[in-house]
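This report concerns only the one structure given below.
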Amino acid sequence: KEKISICNHEILDGNENHLIKGGNLEIIKLLPEKDILQSAESRRNKNILFLEQIIDQDQKSLMKWKHICVAQGKNTKGPIPKWYKIIKEKVTMEGTYKLKNEYILENLRQKNIHLKLFDDNEKITKNYFVTWNDKEGNVIFGKDKKKSTSKKYKRIGYHYITEDIEDEENSPKLRKCEGCNKNISKGKNKEDRKECLIYLANEESRLIKERKEGEFKGWQKKVTEVKWKNEILNSKKIEDLFYYNFKNEFDWVTSLKFISNRNKCSFWQTNVNDTKDRAYKIKNLIKELPTYEVLKRRNVEDIEEALCPRCNETNEDWKHIWICEKNEKNLNVILEESVIKYRTELEKSDKEKFEFFMEIEYNFLNILYENSSILHNQSRIWELLRGVFNNKFYDLGKKKFEKDIIIDFWSFCYDQIRKEIWIKRCDEVAKIETNQGFKKKDKRKRKERKNLEIEERDRENKKLKKIEKEIKNQEKIVENSIKLATSDLLKNNILDKKSISDKWGSTVKIC
């Protein structure tokens with residue numbers, strides 16, 4: 001039916017050129033008539049004719065489909081074929097991979113032809129195990145180490161044993177044996193004896209490729225990384241940080257670690273202060289701190305205008321917070337005072353760090369005072385305000401402890417600016433609002449629906465609304481196209497085995 005000839009002879013008679021050798025029970029005898037031809041191509045691609053080829057080493061379990069593919073060096077992607085599901089349902093006990101009694105082949109010769117055979121004359125790569133059954137039927141695992149002087153065995157290897165098997169349906173984990181009755185090591189030192197060395201049997205042995213843990217998980221992690229980095233790259237809130245970032249000036253690893261407050265708290269820690277710090281840093285990054293301009297945009301009740309409640313001269317937006325004339329200190333003064341405070345603390349605690357800081361403090365401030373090449377017409381202080389770390393600071397020190405001091409002082413400056421301007425601004429505004437009878441809980445209220453409906457009626461006719469909607473839809477299409485293009489660029493870098501950790505921020509947006 002499948003135009004495949006099965007030869008009736010032993011494989012030891014010199015006929016070594018067959019693709020498939022050995023086997024007692026043909027797969028087609030277990031398949032329904034209609035599925036034999038339909039599954040022929042799939043089974044031919046895997047060189048599978050006999051049930052013995054897909055039975056595990058213990059002869060009591062069916063191999064998982066993925067394990068079959070790995071053993072043959074085939075691609076593991078794609079759906080499990082129908083013929084395999086039929087075989088599994090027929091020969092195994094329900095819900096497991098254990099064979100039914102009638103399919104346990106206790107007297108089957110250990111040829112396992114679906115895997116590579118061990119040839120002790122060939123060089124074995126490090127990612128392969130040699131395995132065989134001893135006289136008692138126990139499975140032995142070894143890893144090649146060196147040549148042997150024995151007349152019977154040509155190779156010596158490390159002995160591996162299985163961990164405690166909790167799940168019999170999955171492949172066991174292997175670890176190096178620290179010594180057993182099979183050990184042939186003659187090391188004089190106790191440390192040498194901890195390595196259990198055995199002769200690698202060259203008869204009835206086979207090679208199994210070592211499974212690398214986390215390969216799929218690692219790939220999925222990279223895809224997830226592309227997904228969220230692409231979202232950041234295309235966010236309207238922070239697009240000004242990417243427009244002119246052709247030279248990849250920002251260290252986003254350090255920046256995102258800082259913004260997520262991982263410089264103070266670990267991933268597993270959560271507390272009130274950590275939550276507040278993260279909320280502030282994220283809102284500050286996207287310029288969405290609760291200024292009066294933001295509150296008015298949110299239609300907060302009793303907020304009729306965005307005028308700054310402190311100076312009463314201009315609208316209070318994110319930028320105005322830091323340059324308002326009512327601030328006790330300007331940004332430059334705060335930074336200069338930060339240098340003095342930080343230097344004093346280091347002098348008391350660590351002389352080596354103190355000496356290094358004395359060397360860089362002047363240049364550090366100069367870098368902050370220089371014009372930013374990303375944020376036009378602004379100094380790098382405004383990068384610091386957003387919580388974005390510029391790679392230029394790394395020019396001040398190359399050693400690890402030097403970089404740690406630079407990053408620590410940078411974050412210290414950030415905290416000092418927040419303390420001297422934002423926190424004091426909040427305290428002042430709270431007093432002003434209290435005097436006006438405006439409470440904090442009122443900021444959570446929104447204007448009544450009636451007022452919004454009146455505003456809607458004042459707008460132009462439905463035709464204009466339709467045009468506006470179409471324009472927004474077109475803008476959305478363009479945004480999605482750009483997002484798709486940048487996502488593909490990042491994924492292509494991963495496929496080309498290029499790291500995106502450092503250079504994703506300079507990805508060019510194309511449509």
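With respect to (1) modelled with pLDDT under 75; (2) among the hydrophobic types (A, V, I, L, M, F, W, C); (3) part of a strand (DSSP E or B), the lone exception for Ile156 is condition (1). Annotation note: of Ile6, Ile20, the sole residue that is over 46 Å from the mean Cα position of the chain (by Cα), modelled with pLDDT under 80, aliphatic (A, V, I, L, M) and assigned to a loop (DSSP other than H, G, I, E, B) is Ile6. Of the residues making up the stretch 339-390, those that are among the hydroxyl-bearing types (Ser, Thr, Tyr), in contact (Cβ under 8 Å) with a residue 12 or more places away in the chain and in a helix (DSSP H, G or I) are Tyr342, Tyr369.
Restricting to the stretch 60-76, what's the tally of residues that are over 21 Å from Ala40 (Cβ atoms) and assigned to a loop (DSSP other than H, G, I, E, B)? The number of residues fulfilling the criteria is 4. Modelled with pLDDT of 95 or more, surrounded by 11 or more Cβ atoms within 10 Å (Cβ to Cβ) and part of a helix (DSSP H, G or I): does that describe Ile417? Considered against the rule, which asks whether it is modelled with pLDDT of 95 or more, surrounded by 11 or more Cβ atoms within 10 Å (Cβ to Cβ) and part of a helix (DSSP H, G or I), Ile417 comes out as yes. Within the stretch 230-260, the set of residues being outside the structural domain of Asp404 (by TED's automatic domain parsing) and among the small types (Gly, Ala, Ser) comprises Ser235 only.
Just one of the numbered conditions (1) within 19 Å of Gln72 (Cβ to Cβ); (2) of a type in the set (Asp, Glu); (3) modelled with pLDDT of 80 or more is not true of Asp144; which one? Evaluating Asp144 over (1) within 19 Å of Gln72 (Cβ to Cβ); (2) of a type in the set (Asp, Glu); (3) modelled with pLDDT of 80 or more leaves (1) as the failure. When Trp322 is tested against the conditions (1) of a type outside the set (S, T, N, Q); (2) assigned to a helix (DSSP H, G or I); (3) under 37 Å from the mean Cα position of the chain (by Cα); (4) surrounded by fewer than 16 Cβ atoms within 10 Å (Cβ to Cβ), the lone failure is (4).
If Phe401 satisfies every condition in (1) assigned to a loop (DSSP other than H, G, I, E, B); (2) within 33 Å of the chain's Cα centre (by Cα); (3) more than 20 Å from Glu249 (Cβ to Cβ) but one, which is the exception? So the condition that Phe401 fails would be (1). Report yes if some residue within the stretch 272-279 is on the phi < 0 side of the Ramachandran plot, in contact with a helix residue (DSSP H, G or I) (Cβ under 7 Å, 6 or more places away or on another chain) and buried (at least 18 other Cβ atoms within 10 Å of the Cβ); otherwise report no. The answer is no; no qualifying residue exists.
Taking the residues in the stretch 165-192 that are in contact with a Phe, Trp or Tyr (Cβ under 8 Å, 6 or more places away or on another chain) and modelled with pLDDT of 75 or more as candidates, determine which candidate is farthest from Tyr97 (Cα to Cα). Applying the filter and picking the extreme gives Ile184. Screening Asn263 on (1) within 21 Å of the chain's Cα centre (by Cα); (2) surrounded by fewer than 17 Cβ atoms within 10 Å (Cβ to Cβ); (3) not in a loop (DSSP other than H, G, I, E, B) shows it passes everything except condition (3). Residues in the stretch 77-105 that are outside any loop (DSSP other than H, G, I, E, B) and under 34 Å from the mean Cα position of the chain (by Cα): Lys82, Tyr84, Lys85. Out of all the residues in the stretch 40-49, is one or more at pLDDT 85 or above and assigned to a loop (DSSP other than H, G, I, E, B)? No.
Name the residue, out of Leu385, Leu335, Leu368, that is touching a Ser or Thr at 6+ places or on another chain (Cβ under 7 Å), crowded, with 18+ Cβ neighbours inside 10 Å and assigned by TED's automatic domain parsing to the domain that holds Asp277.
Leu368
Look at (1) within 19 Å of Glu102 (Cα to Cα); (2) under 44 Å from the mean Cα position of the chain (by Cα); (3) at pLDDT 75 or above and you find that Lys66 fails only one, number (1). Any residue in the stretch 295-308 that is under 18 Å from Lys419 (Cα atoms), touching a helix residue (DSSP H, G or I) at 6+ places or on another chain (Cβ under 8 Å), in the same structural domain as Lys440 (by TED's automatic domain parsing) and modelled with pLDDT of 85 or more? Within the stretch 295-308, none of the residues are under 18 Å from Lys419 (Cα atoms), touching a helix residue (DSSP H, G or I) at 6+ places or on another chain (Cβ under 8 Å), in the same structural domain as Lys440 (by TED's automatic domain parsing) and modelled with pLDDT of 85 or more.
The values are calculated or read from the model by the stated rules, or taken from the named source; none is laboratory data. Values in this document were obtained by computation on a predicted structure and should not be read as measured data. We place every Cβ from the backbone using ideal geometry, glycine too, and count neighbours over all the protein chains shown.
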